[in-house]
Amino acid sequence: MLREVKELLAAYLGPSGTFCEEAARKYFGERATLKPCTELREIWDAVENGEADFGVVPVENTTEGSVVPSLDLLFERNLKVCGEVELRIRHSLIAKPDARLAEIRLVVSHPQAIAQCKRFLDEQLPLATKKAAESTAKAVQMLAEIEHAAAIGSDSAAEIYGMKVLVKDIEDNPRNFTRFFVIGGGDNPPSESDRTSIVFSVAHLPGTLVGVLEELSKRRLNLTKIESRPTKRTPWEYIFYVDFEGHRSEETCQEALESMRKKTFFLKVLGSYPKAQP
């Protein structure tokens, strides 16, 4: 008798045609069915409630920096980071099949996509109004109901929603990548090449942050990212997001984390996971 294998379900920021969906397909391949969600918080809800096994969320872009709502949810909620995927982001200007570039008066997209294409918009559509949408794919969907409008999104979204690509590769930075986290109920066991993400806060005093980070450097654990965010409780106090190489179960990492905890108000391990493959 063959053993029945449970089909995985992964939630992503939808609708169909987003870069988040592309990242989910790159990570899971055919191993998971994908569930679109309308906002980031809904992804966390789906995994926590058992409606999905995993979630795929954007966390950082090489042009516009961190995706702040994702960082806030990683801090607030209790899911673990169990994987990461990097995706080359190629933006296209998309419009109705009969539209021409000279007729465009409105550009719709996710705020990050608009920001990533600022140079093109300033040079080619300087008089066009910009309008925010929940996602790049949602922006393409909206074109059916708007005249003299274009959206910034993926070629796949244009195909899905019956629209036309006016101009390809309009992003300012040819090295435009977005990093996505895969979140779940637990993180991954050690692999040959891992990364650990943490968040912590320290006293607002000289040298406290350096004292925490030196626990990594003196153990030769490579720091790959650090970013601060306001605590939202006390003015001018911050929490720090840090990524470093290694898995939290490894002895050296355990020693570093234990020493760091003694120098912080709190320290939360967001997860350990294999580093993204090119």
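What follows is calculated from the coordinates using simple rules that are stated; it is not laboratory data. Remember, predicted model here, so these are calculated numbers, not experimental data. Here Cβ is always computed from backbone atoms with ideal geometry, including for glycine, and neighbour counts include all displayed protein chains.
Quick notes
- Residues listed by number, segment 180-205, amide nitrogen under 11 Å from residue 237 label point at 7 Å toward C-beta: 201-204
- Between residue 265 and residue 193, the FRET efficiency from the beta-carbon distance, with R0 = 30 Å, is close to 0.45.
- Top of 137, 11, 52 by mean-square fluctuation, Gaussian network on the chain, Cα under 10 Å: 52
- Members of 26/164; 218/263; 26/118 lying beyond 20 Å, as alpha-carbon distances in this model show: 26/164; 26/118
- Put a dot 7 Å past the Cα of residue 16, heading toward its Cβ, do the same for residue 204, and the two dots end up 5.0 nm apart.
- Model label sites at residue 245 and residue 33, defined 7 Å from Cα along the beta-carbon direction, differ in position by 4.0 nm.
- Note on residue 227 and residue 275: the extension gain reaches 15.4 nm, defined as 0.36 nm multiplied by sequence separation minus the Cα-Cα distance.
- Taken as Cα centroids, segment 18-82 and segment 172-223 sit 18 Å apart, rounded to the nearest whole angstrom.
- Residue 75/residue 122 FRET efficiency (R0 45 Å; Cβ-Cβ; nearest 0.05): 0.80
- Positive-pole candidate from 27, 115, 15, dipole of segment 1-153, charges at beta carbon: 115
- Rg and Dmax of segment 1-143, Cα atoms only, in Å: 17.4, 66
- Top of 73, 205, 127 by mean-square fluctuation, Gaussian network on the chain, Cα under 10 Å: 205
- Net lengthening on full extension, residue 219/residue 177 (0.36 nm per residue, minus Cα-Cα): 12.1 nm
- Computed label-point distance, nm, for sites residue 168 and residue 155 using a 7 Å Cα→Cβ extension: 0.4 nm
- Taking every DSSP beta bridge that has both ends in the chain, the antiparallel portion is near 75%.
- Listed residues 152, 198, 226, most fluctuating in the chain (Gaussian network, C-alpha, under 10 Å): 226
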